[in-house]
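Trainee: Got a structure for you, questions after.
The values are calculated or read from the model by the stated rules, or taken from the named source; none is laboratory data. Being a predicted model, the structure only gives us computed values, none of them experimental. When we count neighbours, we look across all protein chains shown, and the Cβ atoms used for this are built from the backbone with ideal geometry, even at glycine. We work out accessible area using only protein heavy atoms, side chains counted, and drop any ligands, DNA or RNA first. Shrake-Rupley method; radii C 1.70, N 1.55, O 1.52, S 1.80 Å.
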Amino acid sequence: MSDKLPDHVILLQGVFEEGFFDRFSGQPQDAIFILEGRPGLTAARSNGRALVKRKIQPTVLADNMAGFLFYKKRVKEVWMAYQSVYPEGAVCSIGAMILAVLAKKHRIAVYLFKGRPQPDLMAKEKEIFSFNGQRVSAAGTRGYVPLLEWVDKKYITKIYS
Amino acid sequence: MKPFPTMRKKMRRSKNRSIKESPLFWPVHWKGDVLSVLDETLIPRRLNYIKVHTTAEAVKVIRDMKTRAFGQFLVVLNTFLLEINRHKGSEQNLVKKLEKTARALNNSRPTFPFAEVTSIVVGWARKAADDQLNVRESLIKNINGYLQGIRFRRLERVKKIASLIKNRDSILTHCNVSGELAMAARICQEEGKDIHFFATETRPYFQGSKLTAWELGRMGASVTLIADNAVASVMADGLVNKVIVGSDRSCANGDFANKIGTYPIAVLAKEFGIPFYVLTQPSNTIPRGEDIPIEIRQEKELLTFNGRATLPFKARGFYPGFDVVPHEFITESLPIDVR
C-alpha cells in the first residue's frame, strides 16, 4: 500500500464518543487511519465500527506504526480522545504521548476531543500475554499495562470540549 | 533507579568463563548435509528447527519470517555452503550456480542488505575461478572463516553491551536483537549488576513477547513486557534510563532501519533525554535513510492472527515492516563491520 499512501492522513487515537464521527462526512475515505489500541484493541473496534457505519473504511495501524507515517510526512493532523482536561494538559488513552511527541517533532497539529469514559488506569498484566485467543508470551513473564497517560499542554494544539 | 522489583542474582563467577548463549544468537546449524534453521515463530512454545535443503527453501524461511535479523545473515551464508555441497558439475558451473543463488537470496526481502552479503561470496567465487584455484575448497574455507570472525566480533559486542549497562539501569528494548542483549544481561548478572528490562511486545509478530522477554527470562534477567503504545509512558514516568535496539540496515550517514516502532522510540528518547544505543552493521551502499527500501508486508498479517480476523468489520490495514531512524537520534552505535 506504500505507493497508495494518502498525502494527508488524519490519525485517530483513543476511543471517541459516537457523535464525534459525524464530522467525517466529506473526508476522503483513505485519509482516516486508526490505531489498534492494545491491549484490547478497543480503539480500533469502536472507532472502526463507527466509521464503517458511516460508510468510511478506515485503515488500521498497529500501535507502533504511526511513526512511519510521520517520517514519510504523510500525517496532516492528529485527533486524540481525552478522558479529562486540566489547565496543564489532559489525561488520554495510552499511546497518546507517542503521537503527541511525534507531532511536536514534525510540527503537526494535535486536537483533543472528548473520549468514551475509561475508568481504569491499568489493565491486568495477563491482558498482554495473549492476542486473539493465543498465548504470545512465555510463562512467568511479567507485564505492565497502563491504559491512560498524561499529555502536557505543550503538545496540544486545541481541545474541543 | 529501581522501578520494578528485580531478580538480583549475584552469581559472581570467573570472568574467564564462556558466555552463556541464547538459541537466538546463532540460530542456524548443520545437521549432516542439511541446514537447520530455528523457527522463531514457534518460540516460546517450542524450539523447533526447520530443515533447509535448497536455496528455494532458504528463501522461503526468510520470506515467511521463520528467521529474521541475524538469522537471515546466517541463512544466506550457509545457503552458499549448501549449494556448494550439492554441486556435482564443473568449477565454472559452480560460480554460475552461486550467482543464481545470490540473485534468489537478494530477492527474498527488500530491506535487509542481502546483496551486500551475497556479493562478498560471489566475489570470492569469481576470484578463485580467475586465479584457477579450487573454487569449492576456497569458498568453504572463506565462508567458514568469515562466519568465525563474525561470531567472535558478536561475542565481543556482547561484552561491550554488558559494559555499557550500569548497576541499577533499566533498559527499554524493542523487537529482538538476536541473543546479544540477553547474553549481555547474563554477564551483568554475573557481575552482580542489579538491572531491569522493559520489552515492547512488537506487533504484529510479537517478537518482543515471544523472543525477547523469553530469552531474557531464560537468562535469568528481570524483564517486564509492555504494549507498544506504552513506550512514552515508561519514559515519561522515569522507568527507563537507556534504550538499546538492533538494526537491519545502516546507511553511509549513520541512519538505520529497524523493526517498525523504532522511530517513535528514538524520538521519545530524545524528548525525554534518554540515551539511545543501536547495534549496527555499517554500510556505505545507501547514502541516507530515505533511500532504504522499506518492505510493506501484506495487510492480512496485521488484520488476522491465529487464523482469525482481529477486528469485527472489514478494514484495510497498512503494515510497513521497518522504520528508519535518522542518525541524530543515536547516542552511540555499537557496530560490527560484516563487509
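Trainee: Please go through the stretch A:63-75 and give me each residue that is closer than 17 Å to residue B:303 by Cβ and in contact with a Ser or Thr (Cβ under 9 Å, 6 or more places away or on another chain), ordered by number.
Mentor: Result: A:64, single match.
Trainee: Moving to a separate point now. Residues being among the aliphatic types (A, V, I, L, M), within 23 Å of the chain's Cα centre (by Cα) and within 7 Å of chain A (Cβ to nearest Cβ): count how many of those fall in the stretch B:311-333.
Mentor: Qualifying residue count, the stretch B:311-333: 1.
Trainee: Specify the residue that is most open to solvent (accessible area, probe 1.4 Å); the eligible residues are those in the stretch A:105-134 that are more than 8 Å from chain B (Cβ to nearest Cβ) and among the basic types (Lys, Arg).
Mentor: Filtering the stretch A:105-134 for residues that are more than 8 Å from chain B (Cβ to nearest Cβ) and among the basic types (Lys, Arg), the one most open to solvent (accessible area, probe 1.4 Å) comes out as A:107.
Trainee: Sticking with this one: Looking at B:144, B:167, B:176 in this structure, which one is closer than 28 Å to residue B:64 by Cβ and not in a helix (DSSP H, G or I)?
Mentor: The conditions single out B:176.
Trainee: Turning to a different aspect of this structure: Is it true that residue B:282 is surrounded by fewer than 20 Cβ atoms within 10 Å (Cβ to Cβ), in contact with a strand residue (DSSP E or B) (Cβ under 8 Å, 6 or more places away or on another chain) and more than 14 Å from every other protein chain (Cβ to nearest Cβ)?
Mentor: Yes.
Trainee: Take residue B:173 and decide whether it is at pLDDT 95 or above, crowded, with 21+ Cβ neighbours inside 10 Å and more than 17 Å from residue B:219 (Cα to Cα).
Mentor: Answer is no for this residue.
Trainee: Would you be able to tell me the number of residues in the stretch B:208-222 that are of a type outside the set (Gly, Ala, Ser) and open to solvent by 10 Å² or more (accessible area, probe 1.4 Å)?
Mentor: The number of residues fulfilling the criteria is 3.
Trainee: Return yes when residue B:308 is open to solvent by 80 Å² or more (accessible area, probe 1.4 Å) and facing chain A (nearest Cβ under 7 Å) and no when it is not.
Mentor: Criteria met by residue B:308.
Trainee: If the requirement is being on the phi > 0 side of the Ramachandran plot and at the interface with chain A (Cβ under 8 Å from one of its Cβ atoms), which of these qualifies: B:254, B:261?
Mentor: Answer to the selection: B:261.
Trainee: Look at residue B:198 and say whether it is closer than 19 Å to residue B:259 by Cβ, of a type outside the set (S, T, N, Q) and over 15 Å from the mean Cα position of the chain (by Cα).
Mentor: Yes, satisfied.
Trainee: Just to be sure before I move on: is residue A:143 in a strand (DSSP E or B) and facing another protein chain (nearest Cβ under 8 Å) in the structure I sent?
Mentor: Yes, satisfied.
Trainee: Any idea which residue in the stretch B:216-251 is nearest to the other protein chains (Cβ to nearest Cβ), counting only those that are closer than 23 Å to residue B:154 by Cβ and part of a helix (DSSP H, G or I)?
Mentor: B:217
Trainee: A further question on this structure: Just give me the residues in the stretch B:294-303 being surrounded by 14 or more Cβ atoms within 10 Å (Cβ to Cβ) and either more than 8 Å from chain A (Cβ to nearest Cβ) or aliphatic (A, V, I, L, M) (or both), in sequence order.
Mentor: Scanning the stretch B:294-303 gives B:294, B:295, B:296, B:297, B:301, B:302, B:303.
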